[in-house]
Amino acid sequence: MKEQLERAEKGVAEQLKARNDRWYPTFHIAGKAGWINDPNGLCYFRGRYQVYFQHHPYSAEWGPMHWGHVSSADMVTWRREPIAMAPSIEADRDGVFSGSAVVSDQGQLVAYYTGHRWRNGVNEDEGNLQVQCMATSDDGITFDKKGVVVEGPPDLLHFRDPKVWRMGDTWYMVFGACSAENRGQVWLYTSKDMNNWEFDRIIFEDPDPHAYMLECPDMFPLGDKWAITYCPMGPVPDGYVARNGHNAGYVVGNWKPGEVFEQITDYRLIDWGHQFYAPQSFEAPDGRRIEYGWLGSFTVPIATQEADHWCGQFTVPRELGLDGNNHLRSYPIKEVEQLRTGTVDFGSFELGVNEDKLLTEDDGGASEIELEVDLAASSAERFGLRVHATQDGGHTYVAYDDQAGRVDLDRRLTGNGDRGYRSAPYDGSDKLKLRVLIDRGSVEVFINDGTETITSFSFPGEGPRGIVLCSESGTVQVTSLKLHSIKTIWESPDR
Ligand code: FRU
């Protein structure tokens, strides 16, 4: 694989020379240059958090997939690592697709990924030939491919994205499949030795008949319940749900090894934004369940693809939990607060009727807002934050809508890129807490400590990027408001 990796590094270096940083993230993981999609192989290995990702090093478009790699001792400061895997064997001829990584008893990192081939050798027209492969590494940097561990049934078109975990002396692997009847399924395999895998059962089939494939499934315990997260291909928009070409959701249920999964909730979105796909989780050494999602799109052109030589980034790492209704909560891990370099505290105050309050004329490109509002003492029919606000009036609007009882992220006036708005349900509590992470090309909104989240690209126009708090037709009783400056996650200059 050495030769292929050297070539790929040269490819990224070429892209990097031309990288335009106007929307390049400061505190979100992205490739040095080129295209990235799904988070892969998330784990803690050799004293560092390892994050791999689907990567096309040669352009800002999706193409033959490699595994890119970054690592961190603390999930605050990150180091670029060499590209970890490139297509190099017959089974992964057309792509080293998504997968996961676990640590063996012998202290090796063992990665499982999908070896991808086009059936006709060129494109998807006649479908895919996909198998689950294994690769091992002593240092997390250099991998030895061990070949196929799970062959695909000859006639299945989609068969990919292995997620592996261990319980007791057994290893478990789930991945997504499209059944012969064109239904989206999650298949479960088990192994005692990490090499030989046996089919256990189809652990989940999406009740939505439109869903023909479930990409990047993940399955993990939260308290005494189990969550299955997955990305259905094919669902049709339904109100506020499934608006994106790519949506990620979850169901919660009961499960024990050797048994069926008993689903106890309906499907819900994990995140309500324009961009949240292919999430993967891992268990940190302290037991937290941490997830990364991908901001990108295979269907809607992304503004950075035109001339910026990079595309795709991850969310901040989010800790997952379940509330009393078995709803998933996801909230930035506490380490993210260490990225704050300075804070302006606006305290508590009342924003008048139809008032604009300028919080900053220029947030320096990376900032965070923590806003708390007493809704019972407020009368505005809608209020919120205009972020990425430029001199020409362009902005992205993050707003609480009292009439709808929802929180929106509206890109109608955003400087560049796709428009449209997304909307998350609000849980009705009197105290509204919004935490908004604003990077150079994205906005992440966390509502009431992560009961719901909204994640979208936001590509501002030229010039300084301001933030304005505004009220519409009524007052806003702010009980607390802070603006933080955020520093870079990269340990050395980001080039
Ligand atoms: C999801 C996905 C996966 C696949 C990978 C290829 O975003 O389509 O199913 O393994 O991306 O890059």
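The values are calculated or read from the model by the stated rules, or taken from the named source; none is laboratory data. These numbers come from a predicted model, not from an experiment. Backbone-built Cβ (ideal geometry, glycine too); neighbour counts: all protein chains shown.
Residues in the stretch 63-79 that are surrounded by fewer than 23 Cβ atoms within 10 Å (Cβ to Cβ), aliphatic (A, V, I, L, M) and in contact with a strand residue (DSSP E or B) (Cβ under 6 Å, 6 or more places away or on another chain): Val70, Ala73, Met75. Is it the case that the stretch 150-164 has a residue that's buried (at least 17 other Cβ atoms within 10 Å of the Cβ) and away from the ligand (no atom under 16 Å from the Cβ)? No, that holds for no residue. Pairs linking a residue in the stretch 197-217 that is closer than 20 Å to Phe97 by Cβ and buried (at least 20 other Cβ atoms within 10 Å of the Cβ) to a residue that is charged (D, E, K, R) and at pLDDT below 95, with Cβ atoms under 6 Å and 6 or more positions apart or on different chains, do not occur. Whether a residue is closer than 21 Å to Lys146 by Cβ, in contact (Cβ under 8 Å) with a residue 24 or more places away in the chain and more than 16 Å from the ligand (Cβ to nearest atom) was assessed, and Gln50 passes this test.
Given the condition away from the ligand (no atom under 16 Å from the Cβ) and touching a strand residue (DSSP E or B) at 6+ places or on another chain (Cβ under 7 Å), answer yes or no: does some residue in the stretch 122-135 qualify? Scanning the stretch 122-135 turns up no residue that is away from the ligand (no atom under 16 Å from the Cβ) and touching a strand residue (DSSP E or B) at 6+ places or on another chain (Cβ under 7 Å). Summed over the stretch 174-188, the residues that are assigned to a strand (DSSP E or B) and either in contact with an Asp or Glu (Cβ under 9 Å, 6 or more places away or on another chain) or at pLDDT below 95 (or both) give a count of 8. Looking across the stretch 232-252, the residues that are touching a residue at least 12 places away in the same chain (Cβ under 8 Å) and either surrounded by fewer than 18 Cβ atoms within 10 Å (Cβ to Cβ) or not assigned by TED's automatic domain parsing to the domain that holds Glu205 (or both) come down to Gly234, Val236, Tyr240, Val241, Arg243, Gly245.
Of all the listed residues (Ala284, Ala278), the sole one being among the aliphatic types (A, V, I, L, M), surrounded by fewer than 22 Cβ atoms within 10 Å (Cβ to Cβ), modelled with pLDDT of 95 or more and under 30 Å from Asp74 (Cα atoms) is Ala284. Among the residues examined, Gly352 does not qualify as surrounded by 13 or more Cβ atoms within 10 Å (Cβ to Cβ) and either within 16 Å of the ligand (Cβ to nearest atom) or in the same structural domain as Gln275 (by TED's automatic domain parsing) (or both).
Selection of the stretch 206-237 for residues being within 16 Å of the ligand (Cβ to nearest atom) and farther than 18 Å from Gly41 by Cα yields Asp206, Ala211, Tyr212, Met213, Leu214, Pro232, Met233, Gly234, Pro235. On the stretch given as the stretch 89-107, residues that are buried (at least 17 other Cβ atoms within 10 Å of the Cβ) and either closer than 20 Å to Asn195 by Cα or not acidic (Asp, Glu) (or both) total 10. Would you check if Ser98 is in contact with a Lys or Arg (Cβ under 8 Å, 6 or more places away or on another chain) and at pLDDT 95 or above? It is true that Ser98 is in contact with a Lys or Arg (Cβ under 8 Å, 6 or more places away or on another chain) and at pLDDT 95 or above.
Screening the stretch 437-470 for residues that are touching a strand residue (DSSP E or B) at 6+ places or on another chain (Cβ under 6 Å), surrounded by fewer than 23 Cβ atoms within 10 Å (Cβ to Cβ) and of a type in the set (Gly, Ala, Ser) and picking the one that is farthest from Pro301 (Cα to Cα) gives Gly450. Scanning the stretch 95-121 for residues that are within 12 Å of the ligand (Cβ to nearest atom) and either of a type in the set (S, T, N, Q) or in contact with a Leu (Cβ under 9 Å, 6 or more places away or on another chain) (or both) gives Ser98, Ser100, Thr114, Gly115, His116.
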